[in-house]
């Protein structure tokens with residue numbers, strides 16, 4: 001990660017930049033709450049962000065990992081994920097596109113079967129897995145959602 005970029009907890013003044021970054025990279029903007037975020041700050045500009053959000057059943061999800069397009073590939077996302085993991089006790093969960101599954105293995109996450117998922121994540125997984133085959137057929141691209149967890153064993 002470049003030396004001009006540092007990680008810190010988000011502040012209220014960051015909310016607008018966090019929202020813009022999330023929308024720019026195409027992440028679902030539901031559940032975006034600035035107090036839960038770690039941000040990558042480059043001279044006052046938010047170039048990366050990520051949060052841990054808690055579901056109603058207590059499951060904690062690493063979510064909304066976003067890096068500005070022109071800053072991707074510099075280790076910013078990796079640093080954000082590692083920081084979030086270091087601040088949160090296990091177990092932790094996440095959703096990712098199938099093509100990102102290997103990326104999260106380096107942080108100790110593994111793909112889960114429905115029986116291992118907290119109820120809140122299992123419900124979302126079921127709905128997504130019902131919809132994604134339709135999207136795959138319409139776009140001629142394979143779409144797959146993977147639920148992963150760490151610290152379950």
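Bear in mind that the values in this text are calculations on the coordinates, not laboratory data. Everything numeric here is computed off the predicted structure, so don't read it as measured data. Don't worry about glycine lacking a Cβ; one is built from the backbone with ideal geometry, like all the others, and counts go over all protein chains shown.
Grab the Cα-Cα distance for residue 123 and residue 57, subtract it from 0.36 nm times how many residues apart they are, and report the gain in nm with one decimal.
22.6 nm
Hey, if you drop one equal point scatterer on each alpha-carbon of segment 1-89 and run the Debye formula without solvent, what base-10 log of I(q)/I(0) do you get at q = 0.11, 0.16, 0.22 Å⁻¹?
-0.26, -0.56, -1.06
Cα-Cα pairs above 17 Å in segment 76-116: how many percent?
Values: 248 of 820 pairs.
When all Cα pairs of segment 76-116 are counted, 30 percent exceed 17 Å.
How would the chain be classified by its alpha-carbon gyration tensor: rounded, prolate or oblate, with rounded meaning a/c under 1.5 and the a/b versus b/c comparison settling the rest?
Working: a/c = 1.74, a/b = 1.41, b/c = 1.23.
Prolate, because a/c is 1.5 or more and a/b exceeds b/c.
How much FRET efficiency would the formula 1/(1 + (r/R0)^6) give for residue 90 and residue 13, where r is the Cβ-Cβ distance and R0 is 30 Å, rounded to 0.05? Walk me through the intermediate numbers first.
Values: r = 32 Å, r/R0 = 1.05.
After rounding to 0.05, the efficiency reads 0.45.
Please report the projected area of segment 1-46's Cα convex hull averaged over all directions, in nm². Show your work: numbers first, answer last.
Values: hull surface 13.2 nm².
Taking a quarter of the hull surface, the average projection is 3.3 nm².
Could you check the spin-label model distance between residue 6 and residue 83? Points 7 Å from the Cα along Cα→Cβ, value in nm.
Label-label distance for residue 6 and residue 83, simple model: 1.0 nm.
Along Cα→Cβ, 7 Å out, is where each label goes; now give me the distance between the ones at residue 113 and residue 99 in nm to one decimal.
The answer from the label model is 2.9 nm.
By how many degrees, 0 to 90 and rounded to 10, does the Cα axis of helix 15-24 deviate from the longest principal axis of the chain?
Relative to the chain, helix 15-24 is tipped by roughly 50 degrees.
Convex hull over the Cα atoms of segment 50-135, averaged projected area in nm²? Could the numbers behind the result be given before it?
Values: hull surface 25.4 nm².
Directional mean of the projected Cα hull area for segment 50-135 stands at 6.3 nm².
Which value in deg cm²/dmol, rounded to the nearest 500, describes the helix-derived mean residue ellipticity at 222 nm for the chain, given -39,500 (n - 2.57) per DSSP H run of n ≥ 4 and division by the residue count?
Details: 4 runs with 48 residues, N = 153.
Calculated at 222 nm, the ellipticity per residue is -9500 deg cm²/dmol.
If the chain between residue 45 and residue 27 were fully stretched, how many nm would it gain, using 0.36 nm times the residue separation less the Cα-Cα distance? All intermediate terms of the calculation are to be shown ahead of the outcome.
Details: separation 18, 0.36 × 18 = 6.48 nm, distance 1.89 nm.
Contour length minus the Cα-Cα distance gives 4.6 nm.
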